[in-house]
Amino acid sequence: MPGAIYAEGLVKTFGDVRALDGVDLDVPEGTVLGLLGPNGAGKTTAVRCLTTLLRPDSGSAVVAGIDVLKHPDAVRRSIGLSGQFAAVDEYLTGRENLQMVGQLYQMKAKAAKARAVELLEQFDLADAADRPTKTYSGGMRRRLDLAAALVVSPPVMFMDEPTTGLDPRNRQLLWEVIKRLVSGGTTLLLTTQYLEEADHLAHEIAVVDHGHVIATGTSDQLKARTGGERVEVVVHEREDIPTASEVLRGFGKGGTTVEDHMRKLTVPVTGGAKLLAEVIRELDTRGIEIDDIGLRRPTLDDVFLSLTGHVAEVKDEENGKEAVK
Ligand SMILES: Nc1ncnc2c1ncn2[C@@H]1O[C@H](COP(=O)(O)OP(=O)(O)OP(=O)(O)O)[C@@H](O)[C@H]1O
Ligand SMILES: [Mg+2]
(Lines give C-alpha, C1' and ligand atoms only; values in the text may rest on other atoms or scores of the structure.)
(Ligands and ions follow the chains in the order given, each with its own letter.)
Protein backbone atom coordinates (compact mmCIF):
# COMPACT_ATOMS: atom_id res chain seq x y z
CA MET A 1 0.00 0.00 0.00
CA PRO A 2 1.39 3.43 -0.89
CA GLY A 3 2.28 5.72 1.98
CA ALA A 4 0.64 8.95 3.07
CA ILE A 5 2.72 10.80 0.48
CA TYR A 6 3.40 8.95 -2.73
CA ALA A 7 4.84 10.18 -6.01
CA GLU A 8 5.89 8.39 -9.12
CA GLY A 9 7.88 9.83 -12.00
CA LEU A 10 7.16 13.50 -11.31
CA VAL A 11 8.53 15.70 -14.07
CA LYS A 12 8.29 19.49 -14.18
CA THR A 13 10.07 21.71 -16.64
CA PHE A 14 10.33 25.49 -16.77
CA GLY A 15 11.51 26.34 -20.27
CA ASP A 16 14.89 24.65 -20.57
CA VAL A 17 15.13 23.85 -16.87
CA ARG A 18 14.10 20.35 -15.84
CA ALA A 19 13.31 21.22 -12.23
CA LEU A 20 11.96 17.72 -11.55
CA ASP A 21 13.35 14.92 -13.64
CA GLY A 22 11.34 11.89 -12.55
CA VAL A 23 10.94 12.06 -8.78
CA ASP A 24 9.66 9.00 -6.90
CA LEU A 25 8.73 9.23 -3.22
CA ASP A 26 6.94 7.01 -0.74
CA VAL A 27 6.44 8.26 2.80
CA PRO A 28 4.81 5.85 5.27
CA GLU A 29 2.06 7.25 7.46
CA GLY A 30 3.24 8.87 10.68
CA THR A 31 6.84 9.31 9.53
CA VAL A 32 9.03 12.22 8.49
CA LEU A 33 10.74 12.35 5.13
CA GLY A 34 13.60 14.82 4.84
CA LEU A 35 14.05 16.06 1.29
CA LEU A 36 17.63 17.17 1.34
CA GLY A 37 19.40 19.01 -1.40
CA PRO A 38 21.30 22.15 -2.38
CA ASN A 39 19.84 25.30 -3.96
CA GLY A 40 17.99 24.60 -7.16
CA ALA A 41 17.79 20.83 -6.57
CA GLY A 42 14.01 20.87 -7.05
CA LYS A 43 12.80 20.68 -3.45
CA THR A 44 10.31 23.53 -3.62
CA THR A 45 9.06 22.40 -7.02
CA ALA A 46 8.41 18.93 -5.60
CA VAL A 47 6.53 20.39 -2.63
CA ARG A 48 4.47 22.64 -4.91
CA CYS A 49 3.51 19.71 -7.14
CA LEU A 50 2.53 17.57 -4.15
CA THR A 51 0.48 20.37 -2.60
CA THR A 52 -1.45 21.14 -5.83
CA LEU A 53 0.13 24.57 -6.33
CA LEU A 54 1.82 23.41 -9.50
CA ARG A 55 0.77 20.83 -12.08
CA PRO A 56 3.55 18.42 -13.03
CA ASP A 57 4.14 17.79 -16.76
CA SER A 58 3.93 14.07 -16.11
CA GLY A 59 3.90 11.56 -13.29
CA SER A 60 1.40 10.92 -10.55
CA ALA A 61 1.00 11.65 -6.87
CA VAL A 62 -1.25 10.49 -4.08
CA VAL A 63 -1.43 12.43 -0.81
CA ALA A 64 -3.46 11.26 2.19
CA GLY A 65 -4.94 8.61 -0.08
CA ILE A 66 -6.21 11.16 -2.62
CA ASP A 67 -5.05 11.54 -6.22
CA VAL A 68 -3.38 14.95 -6.39
CA LEU A 69 -4.06 15.57 -10.08
CA LYS A 70 -7.65 14.34 -10.07
CA HIS A 71 -8.85 15.81 -6.78
CA PRO A 72 -6.70 18.82 -5.87
CA ASP A 73 -9.44 20.43 -3.76
CA ALA A 74 -9.81 17.36 -1.57
CA VAL A 75 -6.03 17.16 -1.18
CA ARG A 76 -5.91 20.78 -0.10
CA ARG A 77 -8.39 20.06 2.67
CA SER A 78 -6.21 17.24 4.01
CA ILE A 79 -2.85 18.96 4.13
CA GLY A 80 -1.02 21.75 5.84
CA LEU A 81 1.72 23.71 4.11
CA SER A 82 4.33 26.11 5.28
CA GLY A 83 6.25 27.61 2.41
CA GLN A 84 9.83 28.67 1.99
CA PHE A 85 8.74 32.30 1.90
CA ALA A 86 6.44 33.28 4.72
CA ALA A 87 2.92 34.02 3.51
CA VAL A 88 1.35 36.29 6.09
CA ASP A 89 -0.89 39.29 5.67
CA GLU A 90 1.30 42.29 6.45
CA TYR A 91 -1.52 44.52 7.64
CA LEU A 92 -3.09 42.09 10.05
CA THR A 93 -1.65 41.38 13.48
CA GLY A 94 -0.15 38.00 14.30
CA ARG A 95 -3.29 37.07 16.21
CA GLU A 96 -5.57 38.14 13.37
CA ASN A 97 -3.53 36.18 10.85
CA LEU A 98 -3.92 32.99 12.84
CA GLN A 99 -7.63 33.55 13.52
CA MET A 100 -8.19 34.14 9.83
CA VAL A 101 -6.61 30.80 8.95
CA GLY A 102 -8.86 29.09 11.50
CA GLN A 103 -11.88 30.70 9.92
CA LEU A 104 -10.76 29.67 6.44
CA TYR A 105 -10.81 26.12 7.74
CA GLN A 106 -14.34 26.66 9.09
CA MET A 107 -13.40 26.66 12.75
CA LYS A 108 -15.85 28.36 15.11
CA ALA A 109 -14.70 31.89 15.99
CA LYS A 110 -14.17 30.96 19.63
CA ALA A 111 -12.11 27.89 18.78
CA ALA A 112 -10.05 29.86 16.26
CA LYS A 113 -9.32 32.47 18.93
CA ALA A 114 -8.24 29.91 21.46
CA ARG A 115 -6.04 28.11 18.94
CA ALA A 116 -4.39 31.42 18.00
CA VAL A 117 -3.54 32.12 21.64
CA GLU A 118 -2.09 28.64 22.04
CA LEU A 119 0.10 28.94 18.94
CA LEU A 120 1.28 32.49 19.69
CA GLU A 121 2.43 31.15 23.05
CA GLN A 122 4.07 28.06 21.55
CA PHE A 123 6.00 30.06 18.96
CA ASP A 124 7.08 32.75 21.39
CA LEU A 125 5.01 35.47 19.71
CA ALA A 126 2.64 36.33 22.55
CA ASP A 127 4.27 39.70 23.20
CA ALA A 128 3.96 40.72 19.55
CA ALA A 129 0.52 39.20 19.03
CA ASP A 130 -1.32 42.48 18.52
CA ARG A 131 1.17 44.26 16.30
CA PRO A 132 0.72 44.33 12.53
CA THR A 133 3.03 41.70 11.08
CA LYS A 134 4.73 44.26 8.88
CA THR A 135 6.60 45.26 12.05
CA TYR A 136 7.82 41.68 12.60
CA SER A 137 11.41 40.58 12.07
CA GLY A 138 12.20 37.90 9.49
CA GLY A 139 12.40 35.18 12.11
CA MET A 140 9.09 36.26 13.66
CA ARG A 141 7.35 36.07 10.27
CA ARG A 142 8.71 32.59 9.70
CA ARG A 143 7.41 31.48 13.07
CA LEU A 144 4.02 33.00 12.38
CA ASP A 145 3.89 31.26 9.01
CA LEU A 146 4.71 27.95 10.67
CA ALA A 147 2.10 28.59 13.35
CA ALA A 148 -0.43 29.30 10.59
CA ALA A 149 0.32 25.90 9.05
CA LEU A 150 -0.50 24.31 12.40
CA VAL A 151 -3.83 26.01 13.15
CA VAL A 152 -5.63 22.87 12.12
CA SER A 153 -3.84 19.55 12.50
CA PRO A 154 -4.03 17.96 9.08
CA PRO A 155 -2.95 14.33 8.65
CA VAL A 156 -0.24 15.32 6.16
CA MET A 157 2.05 18.32 6.46
CA PHE A 158 4.58 19.88 4.14
CA MET A 159 7.24 22.27 5.38
CA ASP A 160 9.57 23.87 2.88
CA GLU A 161 12.79 24.84 4.67
CA PRO A 162 11.00 25.42 7.97
CA THR A 163 14.03 26.61 9.89
CA THR A 164 15.82 28.71 7.32
CA GLY A 165 16.39 32.13 8.84
CA LEU A 166 15.68 31.04 12.41
CA ASP A 167 18.26 31.54 15.13
CA PRO A 168 19.48 28.44 16.99
CA ARG A 169 17.02 28.86 19.86
CA ASN A 170 14.02 29.13 17.58
CA ARG A 171 15.26 26.28 15.45
CA GLN A 172 15.37 24.13 18.57
CA LEU A 173 11.88 25.31 19.46
CA LEU A 174 10.56 24.34 16.05
CA TRP A 175 12.23 20.94 16.20
CA GLU A 176 10.35 20.27 19.43
CA VAL A 177 7.07 21.37 17.85
CA ILE A 178 7.71 19.10 14.86
CA LYS A 179 8.49 16.11 17.07
CA ARG A 180 5.29 16.62 19.03
CA LEU A 181 3.32 16.91 15.81
CA VAL A 182 4.72 13.68 14.43
CA SER A 183 4.24 11.78 17.68
CA GLY A 184 0.57 12.68 17.27
CA GLY A 185 0.48 10.71 14.02
CA THR A 186 1.06 13.41 11.39
CA THR A 187 3.01 12.48 8.28
CA LEU A 188 5.53 15.17 7.38
CA LEU A 189 7.62 15.99 4.37
CA LEU A 190 10.16 18.66 5.12
CA THR A 191 12.80 20.10 2.87
CA THR A 192 16.08 21.32 4.18
CA GLN A 193 19.58 22.31 3.20
CA TYR A 194 20.71 21.53 6.72
CA LEU A 195 22.12 18.07 6.83
CA GLU A 196 22.01 18.19 10.60
CA GLU A 197 18.30 18.94 10.53
CA ALA A 198 17.44 15.99 8.29
CA ASP A 199 19.61 13.85 10.51
CA HIS A 200 17.77 15.05 13.60
CA LEU A 201 14.15 14.95 12.45
CA ALA A 202 13.73 12.61 9.53
CA HIS A 203 13.03 8.87 9.70
CA GLU A 204 14.13 8.65 6.12
CA ILE A 205 16.09 11.01 3.92
CA ALA A 206 15.83 11.47 0.18
CA VAL A 207 18.82 13.29 -1.26
CA VAL A 208 17.89 15.34 -4.34
CA ASP A 209 20.18 16.88 -6.88
CA HIS A 210 19.23 18.28 -10.29
CA GLY A 211 15.61 17.11 -10.03
CA HIS A 212 16.55 13.52 -9.19
CA VAL A 213 16.40 11.55 -5.98
CA ILE A 214 19.98 10.30 -5.97
CA ALA A 215 19.79 8.32 -2.73
CA THR A 216 17.34 7.36 -0.01
CA GLY A 217 17.83 5.78 3.37
CA THR A 218 18.03 6.44 7.04
CA SER A 219 20.77 8.80 8.01
CA ASP A 220 22.78 5.81 9.29
CA GLN A 221 22.38 3.97 6.01
CA LEU A 222 23.49 7.01 4.05
CA LYS A 223 26.44 7.54 6.31
CA ALA A 224 27.53 3.92 5.98
CA ARG A 225 27.92 4.51 2.25
CA THR A 226 30.79 6.88 2.79
CA GLY A 227 33.08 4.20 4.16
CA GLY A 228 32.36 4.16 7.83
CA GLU A 229 33.81 5.37 11.05
CA ARG A 230 37.10 6.86 12.10
CA VAL A 231 38.99 7.70 15.24
CA GLU A 232 40.05 11.30 15.74
CA VAL A 233 42.64 12.26 18.32
CA VAL A 234 43.86 15.69 19.35
CA VAL A 235 47.18 15.38 21.20
CA HIS A 236 48.22 17.95 23.78
CA GLU A 237 51.84 18.29 22.66
CA ARG A 238 52.81 18.74 19.05
CA GLU A 239 55.95 16.62 19.52
CA ASP A 240 53.76 13.59 20.35
CA ILE A 241 52.32 13.54 16.84
CA PRO A 242 54.78 10.98 15.35
CA THR A 243 54.32 8.49 18.22
CA ALA A 244 50.53 8.95 18.21
CA SER A 245 50.55 8.44 14.48
CA GLU A 246 52.41 5.17 14.92
CA VAL A 247 49.88 3.99 17.53
CA LEU A 248 46.94 4.84 15.29
CA ARG A 249 48.52 3.09 12.33
CA GLY A 250 48.50 -0.08 14.41
CA PHE A 251 44.74 0.13 14.93
CA GLY A 252 43.58 1.65 11.64
CA LYS A 253 42.50 0.02 8.43
CA GLY A 254 44.01 2.79 6.34
CA GLY A 255 46.48 5.65 6.45
CA THR A 256 46.54 8.23 9.23
CA THR A 257 45.75 11.82 8.31
CA VAL A 258 47.52 14.52 10.32
CA GLU A 259 46.34 18.10 10.64
CA ASP A 260 49.50 19.50 12.14
CA HIS A 261 48.27 22.95 13.14
CA MET A 262 45.33 21.45 15.06
CA ARG A 263 47.42 18.57 16.50
CA LYS A 264 44.70 16.32 15.13
CA LEU A 265 45.14 12.80 13.80
CA THR A 266 42.46 10.80 12.01
CA VAL A 267 42.41 7.15 11.03
CA PRO A 268 39.66 5.00 9.48
CA VAL A 269 38.72 2.06 11.72
CA THR A 270 36.31 -0.78 12.25
CA GLY A 271 35.51 -1.95 15.75
CA GLY A 272 33.63 0.92 17.33
CA ALA A 273 33.76 1.81 21.00
CA LYS A 274 35.76 -1.26 22.03
CA LEU A 275 38.55 -0.28 19.67
CA LEU A 276 38.39 3.29 20.89
CA ALA A 277 39.02 2.09 24.45
CA GLU A 278 42.05 0.13 23.26
CA VAL A 279 43.44 3.17 21.44
CA ILE A 280 43.06 5.27 24.59
CA ARG A 281 44.86 2.64 26.69
CA GLU A 282 47.73 2.37 24.22
CA LEU A 283 48.19 6.15 23.99
CA ASP A 284 48.19 6.29 27.77
CA THR A 285 50.78 3.50 28.02
CA ARG A 286 53.03 5.51 25.68
CA GLY A 287 52.59 8.55 27.91
CA ILE A 288 50.80 10.66 25.31
CA GLU A 289 48.50 13.30 26.76
CA ILE A 290 45.35 13.85 24.71
CA ASP A 291 43.03 16.88 24.58
CA ASP A 292 40.25 15.12 22.74
CA ILE A 293 39.49 11.73 21.30
CA GLY A 294 36.40 10.37 19.66
CA LEU A 295 34.84 7.89 17.35
CA ARG A 296 33.41 9.93 14.49
CA ARG A 297 30.80 8.62 12.13
CA PRO A 298 30.54 10.43 8.79
CA THR A 299 28.31 13.49 8.69
CA LEU A 300 25.67 13.98 6.06
CA ASP A 301 28.00 16.53 4.51
CA ASP A 302 30.38 13.68 3.82
CA VAL A 303 27.44 11.73 2.41
CA PHE A 304 26.51 14.48 0.01
CA LEU A 305 30.06 14.83 -1.13
CA SER A 306 30.47 11.13 -1.76
CA LEU A 307 27.15 10.90 -3.63
CA THR A 308 27.42 13.94 -5.83
CA GLY A 309 31.09 14.76 -5.95
CA HIS A 310 30.29 18.27 -4.77
CA VAL A 311 29.39 19.72 -1.40
CA ALA A 312 25.90 21.00 -0.68
CA GLU A 313 26.94 24.59 -1.17
CA VAL A 314 24.61 27.53 -0.66
CA LYS A 315 24.68 30.07 -3.44
CA ASP A 316 23.14 33.45 -2.75
CA GLU A 317 22.90 34.35 -6.39
CA GLU A 318 20.67 31.30 -7.00
CA ASN A 319 18.58 32.12 -3.99
CA GLY A 320 17.58 35.40 -5.51
CA LYS A 321 16.56 33.74 -8.74
CA GLU A 322 14.52 31.09 -7.02
CA ALA A 323 12.76 33.58 -4.82
CA VAL A 324 10.45 34.16 -7.79
CA LYS A 325 7.34 32.13 -7.03
N1 LIG B 1 8.59 29.41 -11.63
C2 LIG B 1 9.76 29.07 -12.14
N3 LIG B 1 10.17 29.52 -13.35
C4 LIG B 1 11.34 29.17 -13.88
N5 LIG B 1 12.24 28.35 -13.27
C6 LIG B 1 11.90 27.86 -12.08
C7 LIG B 1 10.66 28.20 -11.43
N8 LIG B 1 10.62 27.56 -10.24
C9 LIG B 1 11.77 26.87 -10.14
N10 LIG B 1 12.55 27.05 -11.22
C11 LIG B 1 13.86 26.43 -11.46
O12 LIG B 1 13.76 25.04 -11.16
C13 LIG B 1 14.91 24.57 -10.46
C14 LIG B 1 14.50 23.98 -9.13
O15 LIG B 1 14.03 25.03 -8.29
P16 LIG B 1 13.46 24.80 -6.83
O17 LIG B 1 12.94 26.11 -6.35
O18 LIG B 1 12.53 23.65 -6.84
O19 LIG B 1 14.78 24.40 -6.04
P20 LIG B 1 15.00 24.22 -4.46
O21 LIG B 1 15.62 22.88 -4.28
O22 LIG B 1 13.76 24.52 -3.74
O23 LIG B 1 16.12 25.33 -4.17
P24 LIG B 1 16.34 26.26 -2.84
O25 LIG B 1 17.12 25.44 -1.89
O26 LIG B 1 17.14 27.41 -3.35
O27 LIG B 1 15.00 26.68 -2.34
C28 LIG B 1 15.83 25.77 -10.35
O29 LIG B 1 16.76 25.70 -11.40
C30 LIG B 1 14.91 26.95 -10.52
O31 LIG B 1 15.60 28.04 -11.07
MG1 LIG C 1 13.24 25.89 -2.32
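The values are calculated or read from the model by the stated rules, or taken from the named source; none is laboratory data. In this text, all values refer to a predicted model and were calculated from it rather than measured experimentally. Glycine also receives a Cβ, built like all others from the backbone with ideal geometry; neighbour counts cover every protein chain displayed. Side chains included, ligands, DNA and RNA excluded: accessible areas come from the protein's heavy atoms. Shrake-Rupley method; radii C 1.70, N 1.55, O 1.52, S 1.80 Å.
One table, with the values for the structure above:
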{"quantity": "For region 278-287, Karplus couplings with θ = phi - 60° (6.51, -1.76, 1.60), whole Hz, Gly/Pro x", "calculated": "5, 4, 4, 4, 5, 4, 5, 4, 7, x"}
{"quantity": "Region 129-138 - phi-based ³J(HN,Hα) in whole Hz, Karplus 6.51/-1.76/1.60, Gly and Pro as x", "calculated": "4, 9, 9, x, 5, 5, 8, 7, 6, x"}
{"quantity": "Simple spin-label estimate for Met262 and Trp175 in nanometres, 7 Å along Cα-Cβ", "calculated": "2.1"}
{"quantity": "Student exercise, the chain dipole from Lys, Arg, Asp, Glu Cβ charges, in Debye to nearest 20", "calculated": "1240"}
{"quantity": "Average accessible area per residue (Å²) across the chain - probe 1.4 Å, nucleic acids and ligands excluded", "calculated": "49"}
{"quantity": "Ile280 versus Leu295: modelled label distance in nm, points set 7 Å from Cα along the beta carbon direction", "calculated": "1.1"}
{"quantity": "Calculated FRET value between Ala273 and Ser60, using beta carbons and R₀ = 45 Å, to 0.05", "calculated": "0.45"}
{"quantity": "Net lengthening on full extension, Tyr91/Lys110 (0.36 nm per residue, minus Cα-Cα)", "calculated": "4.6 nm"}
{"quantity": "Chain lengthening between His71 and Asp124 when straightened (0.36 nm per residue, less Cα-Cα)", "calculated": "15.4 nm"}
{"quantity": "Qualifying GluC sites (Glu not before Pro) for region 1-92 [loop in DSSP, other Cβ within 10 Å: at most 13]", "calculated": "Glu90"}
{"quantity": "Percent accessible area from carbon and sulfur atoms, region 5-224, protein chains only, probe 1.4 Å", "calculated": "51"}
{"quantity": "Equivalent ellipsoid dimensions for the chain as semi-axes, Å, which come from the Cα gyration tensor, largest first", "calculated": "44, 24, 18"}
{"quantity": "Highest-fluctuation residue, Thr285, Thr270, Thr31 considered, GNM on the chain with Cα pairs under 10 Å", "calculated": "Thr285"}
